[in-house]
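Taking it in order: structure first as structure tokens, then the write-up.
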Amino acid sequence: MLLRKEEIHLLKLLRQFPVVGILGPRQVGKTTLAMKIIPGMKKKTIYLDLESLEDRSTLRAPELFLRQHTDKCVILDEIQFMPELFPLLRSLVDRDRKPARFLVLGSANPSIIKGASESLAGRIAYLELNPFSIADVPANIAMEKHWFRGGFPDSLLAKRDSDAQRWLDAFIKTYIERDLPLLGIGTSPQIIQRFWTMLATAHGNIWNASAFGRSLGMSDHSVNHYLDYLEGAFLVQRLKPFFVNARKRLVKSPKVYIRDSGILHRLLRISGMNELQHHIALGASWEGYVIEQIRRTLSDQLDLYYYRTHGGAELDLVITKADKPVYGIEIKYSSAPVLSKGSFESIIDLKLKKTFVIVPSGAEYPLRKDIIVCGLQHWMKKYLPLVNRA
């Protein structure tokens, strides 16, 4: 079993807030984490899985039941199955605001769970739990394995790639047929499957709602709505452009990435690392993988963007602090990367302290004084702490 650094942070939140939410995609380990911290709590707990009909029946009279257990921490798993509980939790907390009244676990962002964001504002602290990042996994798990299979525990730790792929197929099927419709994405599973597969082929590209809409026979509004739901379910990430410079004609639409590389590869039907090495999506897959690893470990004081002008200047990542560009990153799947004229123009435009070219592996070396080439894991060990102190 892999260890979670979030365990200590979760206990701290429970000592401070009346309601704590663990959010993240299904099967990421939310329930496991909740069960692990129970021995470290100073009060008894009750666990209810709201995906279970039996446990939901326990809450036929929810106020009466919850009032009988005010001395305990009530753990409500898969809270999106009963969003009507949120106003009740607010009422109960407002009458007795002691810490650790409720620990709620959900597979969607509060913004897309009806009533969640409004009902508990100011009363709840959220902890986002994601698939394991490369920083989380032990040294005996190769980066290539983590990249190909993704960070979901059941996929990453499967005995064989074929076992991981079967698990990912079942995961995708469950989301398409049940979870996303439950959250309110009102269309057929076939349309959701097509949309998600199209996102995989467009991974790392600038979002074009009109093109998606034409292919699916839908309005721009509808496809943007579907993207919102996938992002709210922690499955897709928008990377916004950086466009403070008013003198430049800048691209102003986000790039879109499927967050877990294992899901991406399964949607593209890539069956092994050797096949990935020869696939047209190799560069985009590596780019998205690196961005997700950095995003997951970057300081909360820093933000990530990409930079692109209509004149051809482009940089994969811009790290900013208080809207000021600080560091740049180019992502290359190459042992001998070459930067384009547009990359050098971007570095000048943004007045960056330093730019890193991140490759899969290899010794660190300078392209010039302010540009360093290094492998991803080396960068995370040596330079991520420097960047986080910016």
Can you give the angle from 0 to 90° between the axis of helix 85-95 and the longest principal axis of the chain, with both taken from C-alpha atoms, to the nearest 10? 70 degrees
Find out how many positive minus negative residues lie around Leu59, taking Lys and Arg as positive, Asp and Glu as negative, among other residues whose Cβ is under 15 Å from that of Leu59. -4
Relative contact order for region 270-390: what is it in percent, counting Cα pairs under 8 Å that are at least 6 residues apart? 19 percent
Using packing as a proxy for protection, rank 70-83, 376-389 so that the peptide with the highest average count of other Cβ atoms within 10 Å comes first. 70-83, 376-389
Pairwise centroid distance, computed over Cα atoms, of region 344-390 with region 1-69, Å: 40 Å
Run down the aspartates and glutamates and flag those whose C-alpha is under 20 Å from the C-alpha of Lys252, throwing out any fewer than 8 positions away in its chain. Asp220, Asp228, Glu231, Glu287, Asp303, Glu314, Asp316, Asp323, Glu330, Glu345, Asp349
Got the relative contact order for region 89-197 handy, in percent, Cα pairs under 8 Å and 6 or more residues apart? 16 percent
Long-range amide H partners of Tyr306, meaning residues 5 or more apart or on another chain whose placed amide H is closer than 5 Å, are Lys240, Phe242, Val318
Of the listed peptides 91-104, 16-29, what is their order by residue-averaged count of other C-beta atoms within 10 Å, with the highest listed first? 16-29, 91-104
Quote the FRET efficiency, to the nearest 0.05, computed for Leu53 versus Thr187 with a Förster distance R0 of 41 Å and r equal to the Cβ-Cβ distance. 0.95
Flagged links, alpha-carbon separation over 21 Å, of Lys30/Lys381; Lys332/Lys369; Lys5/Lys353: Lys30/Lys381; Lys5/Lys353
Round to the nearest 10 and give me the degree value, 0 to 90, for the angle of helix 341-350's Cα axis relative to the longest principal axis of the chain. 60 degrees
Arg97 versus Ser299, label points 7 Å from Cα toward the beta carbon: distance in nm? 3.1 nm
In nm, spacing of pseudo-spin labels at Arg67 and Leu157 (7 Å Cα→C-beta vector): 4.2 nm
Straight distance only, please: which aspartates and glutamates reach the Cα of Lys36 with their own Cα at less than 19 Å, same-chain residues fewer than 8 apart left out? Glu6, Glu7, Asp49, Asp77, Glu78, Glu128, Asp136, Asp154
Tell me which residues come under 5 Å, amide H to amide H, from Glu128 once H is placed; ignore anything under 5 positions away on its chain. Leu23
Can you tell me the 0 to 90 degree angle between the C-alpha axis of helix 220-232 and the longest principal axis of the chain, rounded to 10? 70 degrees
Ignoring everything except DSSP H segments at least 4 long, calculate the 222 nm mean residue ellipticity for the chain; use -39,500 (n - 2.57) per segment, divide by total residues, nearest 500. -11000 deg cm²/dmol
Kindly list the residues of region 131-171 that lie in the label zone of Gln377, defined by a backbone N under 12 Å from the point 7 Å along the Cα-to-C-beta vector. 134-147
Over the Cα atoms of region 295-364, what Rg and Dmax result, in angstrom? 12.3, 34
Let me check I've understood the local charge: for Gln165, count other residues with C-beta under 14 angstrom from its C-beta, Lys and Arg +1, Asp and Glu -1. What total comes out? +2
16 Å Cα-Cα reach of Lys43 towards lysines, excluding residues that sit fewer than 8 places from it in its own chain: Lys12, Lys72, Lys98
Rel. contact order, % - alpha carbon contacts under 8 angstrom, at least six apart, the chain: 12 percent
Quick one: what are the phi-derived ³J(HN,Hα) couplings along region 181-196, Karplus 6.51/-1.76/1.60 with θ = phi - 60°, whole Hz, x for glycine and proline? x, 4, 7, x, 7, x, 8, 6, x, 5, 5, 4, 4, 4, 4, 5
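Computed from the coordinates by the stated procedures, all read-outs in this text should not be read as laboratory data. Everything numeric here is computed off the predicted structure, so don't read it as measured data. We place every Cβ from the backbone using ideal geometry, glycine too, and count neighbours over all the protein chains shown.
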